[in-house]
1. Among the lysines, which fall within straight-line cross-link reach of K126, defined as a Cα-Cα distance under 23 Å, with same-chain neighbours fewer than 8 residues apart omitted?
2. Can you tell me the 0 to 90 degree angle between the C-alpha axis of helix 125-145 and the longest principal axis of the chain, rounded to 10?
3. Taking the structure as given and computing volume of the Cα convex hull per residue in Å³, which label from (i) 123; (ii) 172; (iii) 162 fits?
4. Which order do I101, I51, I85 fall in if you start with the one that has the fewest other Cβ atoms within 10 Å?
5. I need to check one value: relative contact order of segment 93-175, counting alpha carbon pairs closer than 8 Å and at least 6 residues apart, in percent.
6. Tell me, R158, R135 in order of fewest to most beta-carbon neighbours within 10 Å?
7. Would you calculate, for the chain, the mean residue ellipticity at 222 nm contributed by helices, counting each DSSP H stretch of 4 or more residues as -39,500 (n - 2.57) and dividing by all residues, to the nearest 500?
8. So for segment 1-129, taking the charge dipole from beta-carbon charges (+1 Lys/Arg, -1 Asp/Glu), which of L90, I113, A74 sits furthest toward the positive end?
Amino acid sequence: MLALAGCASEQIVLLPDADGKVGALVVTRDKGGEVRLDQSYATARVEAGGIQFRQSTAAEVNERYRTTIAATPAGARSYMLYFVIDKVTLLPDSQASFNAILGDFQARPSAEIILIGHTDKSGNAKYNEELSQRRANAVRSQLIAGGVAPAKIETAWRGDREPLPETAGKTYDQRNRRVEVKVR
């Protein structure tokens, strides 16, 4: 969504996300009037006399708000790092992803990173909780060694409570031996 304030009016434009999807937004006025925006580039102009709806085009919006759109920060990016069974050692493919995480972080002004450690269900709950914490902290340490300030990293862990995919019993599953990383 793009909202622009002017002296006597405001204009709201509903922009699609990177995948071309849009949600919906209802624009209302204190003195009555309501417009629902639910298509890409739908525009509501709120003025003293009411709310005016207009369906803009991508070309119109990009031309008119080029500078504002260019200044919009990049959306959050998610990564999954996978580990050797019962270890805090990244698998080789995940080491390559780790390097991409550092590059993504460095390319963003005022970036921050969120880490969430996980395990599969092969161990007992207490052990899995501790292992997921160690994994998250191992990634945190690598990020700090790569130049990320500790204050820019938030760390959490879930043990085996949030499997991807859901598995029965004490199942070994590499997809659950992970740290989820979000760079925003």
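No lab work stands behind these numbers, since they all come straight from the coordinates. Here the structure is a predicted model, which is why all the values come from computation and not from measurement. Virtual Cβ from ideal backbone geometry, glycine too; neighbours counted across all protein chains shown.
1. Straight-distance partners of K126: K87, K170.
2. 70 degrees
3. Of the listed options (i) 123; (ii) 172; (iii) 162, (ii) comes from this structure.
4. Details: I101 23, I51 18, I85 13.
Lowest to highest Cβ neighbour count: I85, I51, I101.
5. Details: 112 pairs, mean separation 31.9, N = 83.
For segment 93-175, the relative contact order is 38 percent.
6. Values: R158 17, R135 26.
Lowest count first: R158, R135.
7. Working: 4 runs with 49 residues, N = 184.
Taking each H run of at least 4 residues, the total per residue is -8500 deg cm²/dmol.
8. A74
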